[in-house]
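The structure appears below as structure tokens.
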Amino acid sequence: MRKVVVIPTYWSREKKDGWREGDAVYDHPTALDDEDTLQRTLESMKILTSKDFKLVLLVCPTTPEIEDRAEARVVEIVKKAGLNAETYIFTPTDLRKMAEVFKESNATHNALSLLTMNGYSNVRNICLLTSDVLAADAAILIDDDEVFEKRDFIERSTEFLGKRVYGDIVYGMAGYYLNKNDQYYDDVKPEAWMTYWDRFGAKARAFDEFIGCSPRIKRTPFAFGGAMILHRDMFRCVPFDPHITRGEDIDYVINSRMYGFSFFLDNTLSIKHLPVPKKHPQWKRIREDIYRFVYAYSKIQSQYKTSNMVTVSAEDFDPYPGEFLRSDLQEKIFRSNTMLALQYMQDGDAEGCREALNNISFGKKDAQPTFDTFSRYRANQKSWEQLTFIISEHRYRLRKIMEEHNLTKKPILRNAVNERDLNDVDIAANVKKAFNIDVSSAELAKIKDYFFVKTFYEGETVFKEGDFNDTLYVILKGEIVIINKSDTGSEGEGTEIARLKQGDILGESCLSFKTFLSGGRAEQFTELIGIKEENLRKITKTEPAAGVKIYQRVLAGTVGKLRTENRQKTQAYDNAVKESLFEGTE
């Protein structure tokens, strides 16, 4: 399973400049000249037992004016952390470059409007988009104010993803936060005004029910944006709603349920959450909650029956957020803000009192969406599917944009026969990856010298029809187009008969007639790991366990090819029959 860990990191102007009109609003962006939390997160990742993932850091500045400086800060932090993982930086400039590819592919105006890094939901969508470009099977969303404490977090996060649990496929897995006291409750002090806005009480009840009780894996009505693991089948279909300003993580659970995907929670999958103290006054924080719950309530209430969606209700998300998605929401807003205003009055805070009372008006007017929220989300979902289709069609072009900011990319050195200069550790890792050889380090050390890696750039010929072949290959990355020239002659372009991708076997002919029956061309940057047939026989004699595993891998790959070819031939035959049946008819 290909895994991509994505961490958005938010940056603002220098402390002396503060926030300016037009800047994006986030809870706690890091000032360019302030101490960051990202390095603490990256340092904590060193404890992870598995580094089998790609790390993407989304640089999210509050204004275009500081894009370059924010990028420089993040690059500096990554280098200082020295994390041993393939690491990408993704910036608004990269996104603009990608937008040009989508435009050339005739993406609609609405689809292009989703390509922005302004606002939490949009940032989360770009987390999914970059994961898709990197061909992830699992997108692991983490925040930059968290600390890893579980060494097996990566393995644990994907253990059940894509598998069936209690009759449903796990398409989304939620972990949970631990606060500085190692508790899963919110670190807040109850106050009198919360009597009618008992959000933290409802969350506590939900946490006790879903985190504090067995079984380990259970369906969940909530999720945390900084501990969210999504299967590609879901994140390529379901986007975050760009019109919700806060609570996009819980809203995503609602959206995924509407499209028939199941979200589960693992009560052993924790991560330490150490946010910086909130600076906004209480009346402003509750106003943000009002906007998010009024919006989510509207989306649930505006549902109508469609053939590809499931109708959901507030009760499906009890006790939280369901308690705030019911018809008494406006009454909760009125009662809680009235009590909050009285508290401000007692404290002599006239402005706070006034703004708390204004919240009541906001709940009835400004927070109310001026459009059909359900229909709008459906339209955005269709646009999102268009984007993911274009990614499938132009993944290589989009991937090249991301590779420009691959901080761990090493220069490619190769000899006259395209063999790449790699150290023993790299070769051993590629052997295990390609052939799935589960042997000891000592055994692997004995056989690794038999393997080599070849590299081909886009458009280069990998082999020609009729070439001698004494080597078995597995594609490590990239894509090879198989071409048959028999119908067009030696000077013709030839006919494309197949495309081989990452993990596919190549050169099985070395085991029998030693000749390539077709030609092959690298469709994009491609790497192959190879072993001579004579060396494969040597491994079988000296290390039979490893030899058998390699042959099993070859057999499985060959059978897969034959099945694909049979399906293609059957389809071609069926199409020919249909054409003959309808030939001459109108």
Notebook entry, point to check: Percent relative contact order of segment 1-151, based on C-alpha pairs within less than 8 angstrom and at least six residues apart?
Noted result: 39
Checklist line | Positive-pole candidate from 312, 157, 387, dipole of the chain, charges at beta carbon | finding: 157
Check: Can you give me the relative contact order of the chain as a percent, contacts being Cα pairs under 8 Å and 6 or more apart?
Finding: 12
Next item on the list: Output ³J(HN,Hα) for segment 120-133: one whole-Hz value per residue in order, computed from phi by the Karplus curve 6.51 cos²θ - 1.76 cosθ + 1.60 with θ = phi - 60°, and x for Gly and Pro.
Entry: 4, 5, 5, 4, 4, 5, 6, 4, 5, 4, 5, 4, 5, 4
Checklist line | Residues of segment 37-71 with amide N under 16 Å of a point placed 7 Å along Cα→Cβ from residue 407 | finding: 37-47, 53-61, 68-71
Next item on the list: Work out, step by step, the length gained on full extension between residue 326 and residue 460: first 0.36 nm times the residue separation, then minus their alpha carbon distance; give nm to one decimal.
Entry: 42.1 nm
Check: Using a 1.4 Å probe, what is the accessible area per residue for segment 372-478, in Å²?
Finding: 52
Note to self: Can you tell me how segment 1-146 classifies by the Cα gyration tensor, rounded, prolate or oblate, using a/c under 1.5 as the rounded cut?
What the structure shows: oblate
Margin query: I'd like the FRET efficiency for residue 109 and residue 233, computed as 1/(1 + (r/R0)^6) with the beta carbon distance as r and R0 of 25 Å, rounded to 0.05.
Written below: 0.40
Checklist line | Note, ³J(HN,Hα) from phi for segment 306-311, Karplus 6.51, -1.76, 1.60, rounded to Hz, x at Gly and Pro | finding: 9, 6, 10, 10, 10, 6
Notebook entry, point to check: Net charge near residue 423, counting Lys/Arg +1 and Asp/Glu -1 over other residues with Cβ under 13 Å of its Cβ?
Noted result: -1
Notebook entry, point to check: What do you reckon, how do 115, 511 stack up by accessible area (1.4 Å probe), largest on top?
Noted result: 511, 115
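So for each of 45-51, 174-180 I average, over its residues, the number of other beta carbons within 10 Å; can you give me the resulting order with the highest mean first?
Those peptides, ordered most packed to least, come out 174-180, 45-51.
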Check: In square angstrom, what is the accessible area per residue of segment 1-52 with a 1.4 angstrom probe?
Finding: 47
Next item on the list: Compute the distance in nm between two label points, each set 7 Å from the Cα along the Cα-to-Cβ direction, one at residue 152 and one at residue 100.
Entry: 4.7
Margin query: Taking just the alpha carbons, could you work out the radius of gyration and Dmax for segment 9-77, both in angstroms?
Written below: 13.5, 45
Next item on the list: Extending each Cα 7 Å along its Cβ direction at residue 316 and residue 80, get the distance between those two points in nm, one decimal.
Entry: 4.6
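For segment 164-308, what is the accessible area per residue in Å², given a 1.4 Å probe and the full set of protein chains?
Value returned for segment 164-308: 40 Å² of accessible area per residue.
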Next item on the list: Could you calculate the contour length gain from residue 508 to residue 25, that is, 0.36 nm times the residue separation minus the distance between their Cα atoms, to one decimal place in nm?
Entry: 168.2 nm
Next item on the list: Tell me which residues come under 5 Å, amide H to amide H, from residue 31 once H is placed; ignore anything under 5 positions away on its chain.
Entry: 12
Next item on the list: Taking every Cα atom in segment 229-355, find the radius of gyration and the maximum pairwise distance Dmax, and write them in Å.
Entry: 17.6, 56
Check: Can you give the accessible area of residue 424, probe radius 1.4 Å, in Å² rounded to 10?
Finding: 90
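Rounded to a whole number, what is D in µm²/s for the chain from Stokes-Einstein with the Kirkwood radius over alpha-carbon pairs (25 °C, 0.890 mPa s)? The partial results should precede the final answer.
On the way: Rh = 26.9 Å.
Translational D for this selection: 91 µm²/s.
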Next item on the list: Under 9 Å from the Cβ of residue 369, count the other residues' Cβ atoms, weight Lys and Arg +1, Asp and Glu -1, and hand me the total.
Entry: +1
Check: Where does each of 283, 197, 19 land when they are ordered by accessible area, with a 1.4 Å probe and the largest first?
Finding: 19, 283, 197
Notebook entry, point to check: Arranged from highest to lowest average of other beta-carbon atoms within 10 Å per residue, in what order do the peptides 372-379, 239-246 appear?
Noted result: 239-246, 372-379
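If you take every residue apart from residue 171 with its C-beta less than 13 Å away from the C-beta of residue 171, what net charge results, scoring Lys and Arg +1 and Asp and Glu -1?
So the surrounding residues net to +3.
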Note to self: Let me spell out the model: positive unit charges on the Cβ of Lys and Arg, negative unit charges on the Cβ of Asp and Glu, origin at the Cα centre of the chain. What dipole size does that give, in debye rounded to 20?
What the structure shows: 880
Checklist line | Rounded percent of accessible protein surface that carbon and sulfur make up, the chain, 1.4 Å probe | finding: 50
Notebook entry, point to check: Dipole size in debye (nearest 20) for segment 255-308 around its Cα centre, Lys and Arg Cβ +1, Asp and Glu Cβ -1?
Noted result: 260
Check: Hey, what do the phi angles of segment 418-426 turn into as Karplus ³J(HN,Hα) couplings, whole Hz, using 6.51/-1.76/1.60 and θ = phi - 60°, x for Gly and Pro?
Finding: 6, 6, 8, 7, 10, 7, 4, 5, 5
Checklist line | Residue-span extension gain [residue 51 to residue 417] - 0.36 nm each, minus C-alpha spacing | finding: 128.7 nm
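The values are calculated or read from the model by the stated rules, or taken from the named source; none is laboratory data. All values reported here derive from a predicted model rather than from experimental measurement. Using ideal geometry, Cβ is built from the backbone for each residue, glycine included, and neighbour counts are taken over all protein chains shown. Protein only, heavy atoms only, side chains kept; ligands, DNA and RNA dropped before computing areas. Shrake-Rupley method; radii C 1.70, N 1.55, O 1.52, S 1.80 Å.
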